[in-house]
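First the structure, in the form of structure tokens, and then the observations on it.
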């Protein structure tokens, strides 16, 4: 699937078919995540793929952001000790940023595989860490739900008009139309 | 360009050809960024596209992360007032995360356009905000350099072995091989 198509067609999917996700497809998503950039090349991320029903149920109980039980969750965790030792005092922030770059790659790679996803930040970090048996220094930053979407797909939330959020050279410098962007709103 | 190809072939490019970037291509990148997900749908991002040589030179003087003068920079800024009013006390963090999702879309869309990019976090936020004439509540979170890469392209930093960073069900649960991932390191 074309990059731009994947970017424009991706939706946050919260209702999944019961069908499980093939392990090798989950492997593709993790590989995509691993090739995201890493600030100062700290490479402090860990990816924990959860598919066991009892683990998913337990995750849901400590993650209000998980509305329904997905077939799989990829927990993106940061080894803060490694992040700080390689990235200095800003290492923790760099690790968090890396988790987001990696998550976005997962969302797009999933789109290409016909899978739906949603990024979740609303969960109790300590409880998820305990549940996933992470050592003290490894902190779950994001959960990405993965599964075959239940039809119909959700509609995209409209975006703000481009003229409001795109600027040229400086804030409030008219920008969108000079860059060939007219309108906005729908994909 | 295929999503997975873009993900695997993307490199952080720090040396650019002198050739400028077509405005409509920069528009495509911003459009890709706008279609990244937004935590709680806060849509608090602003994109300032900088191409004027005097502005780029001024940016460089307050951004140690800018090693050379790129043909273009996309400053991704967060309207923290909007982020907090829509996302509550966690709004500022959600805005920062959104900036990263958007940045990753820019990197991949650029790859499809034959453009090189690098995400920069090492800059003085206050100075960049002043330079870009942002109001007090709009904070530059990331700078993305954009340009045609100078050959040869940088080599990819090797990744850690998959067995070290990929886990199944729980941390230190063997994972990579169960997901079809053997080895790691190079793309």
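The values are calculated or read from the model by the stated rules, or taken from the named source; none is laboratory data. Note that the structure is predicted; figures quoted are calculated from it, not measured. Note that we place each Cβ from the backbone using ideal geometry, even for glycine, and neighbour counts take in every protein chain shown.
Below is a table of values for the structure above.
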| quantity | calculated |
| --- | --- |
| Residues located in the stretch A:78-108, provided they are more than 9 Å from chain B (Cβ to nearest Cβ) and modelled with pLDDT under 90 | A:86, A:87, A:88, A:89, A:91, A:92 |
| Unmet requirement for residue B:182, which otherwise passes all of (1) in the same structural domain as residue B:113 (by TED's automatic domain parsing); (2) at pLDDT below 95 | (1) |
| Any hit, the stretch A:150-160, residues being assigned by TED's automatic domain parsing to the domain that holds residue A:46 and either under 18 Å from residue B:4 (Cα atoms) or buried (at least 22 other Cβ atoms within 10 Å of the Cβ) (or both) | no |
| Where residue B:181 falls short, out of the listed (1) more than 7 Å from chain A (Cβ to nearest Cβ); (2) crowded, with 18+ Cβ neighbours inside 10 Å | (1) |
| Residue pairs meeting the criteria (Cβ under 8 Å; at least 6 apart or on separate chains; first in the same structural domain as residue B:148 (by TED's automatic domain parsing) and surrounded by fewer than 17 Cβ atoms within 10 Å (Cβ to Cβ), in the stretch B:7-27; second part of a strand (DSSP E or B) and modelled with pLDDT of 95 or more) | B:15/B:149; B:17/B:147; B:17/B:149; B:19/B:147; B:20/B:72 |
| Residue match in the stretch B:33-55 (condition: in a helix (DSSP H, G or I), within 14 Å of the chain's Cα centre (by Cα) and in the same structural domain as residue B:119 (by TED's automatic domain parsing)) | yes |
| Residue selected from the stretch A:141-157 under the condition within 14 Å of chain B (Cβ to nearest Cβ) and farther than 21 Å from residue A:187 by Cα, by the criterion nearest to the chain's Cα centre (by Cα) | A:144 |
| Hey, residue A:61 modelled with pLDDT of 95 or more and more than 11 Å from chain B (Cβ to nearest Cβ) or not | yes |
| Condition check for residue A:93: in the same structural domain as residue A:40 (by TED's automatic domain parsing), surrounded by fewer than 17 Cβ atoms within 10 Å (Cβ to Cβ) and closer than 19 Å to residue B:78 by Cα | yes |
| Positions within the stretch B:158-174 being part of a loop (DSSP other than H, G, I, E, B) and within 29 Å of the chain's Cα centre (by Cα), in sequence order | B:158, B:159, B:160, B:171 |
| Residues of the stretch A:166-178 that turn out to be surrounded by fewer than 16 Cβ atoms within 10 Å (Cβ to Cβ), touching a strand residue (DSSP E or B) at 6+ places or on another chain (Cβ under 9 Å) and within 8 Å of another protein chain (Cβ to nearest Cβ), as a count | 0 |
| Subset of the stretch B:106-149 (residues that are farther than 24 Å from residue B:18 by Cα and in a helix (DSSP H, G or I)) | B:125, B:126, B:127, B:129, B:130 |
| For residue A:163: the one exception among (1) in the same structural domain as residue A:186 (by TED's automatic domain parsing); (2) out of contact with any helix residue (DSSP H, G or I) (no Cβ under 8 Å at 6 or more places or on another chain); (3) surrounded by fewer than 19 Cβ atoms within 10 Å (Cβ to Cβ) | (2) |
| Number of the condition not met by residue A:123 [criteria: (1) touching a residue at least 60 places away in the same chain (Cβ under 8 Å); (2) within 9 Å of chain B (Cβ to nearest Cβ)] | (2) |
| Test: residue A:133 is facing chain B (nearest Cβ under 8 Å) and either over 23 Å from residue B:80 (Cα atoms) or free of Cβ contacts under 8 Å to residues at least 40 places away in the same chain (or both) | yes |
| The one condition in (1) under 15 Å from the mean Cα position of the chain (by Cα); (2) over 20 Å from residue B:6 (Cα atoms); (3) surrounded by 19 or more Cβ atoms within 10 Å (Cβ to Cβ) that residue A:65 fails to fulfil | (3) |
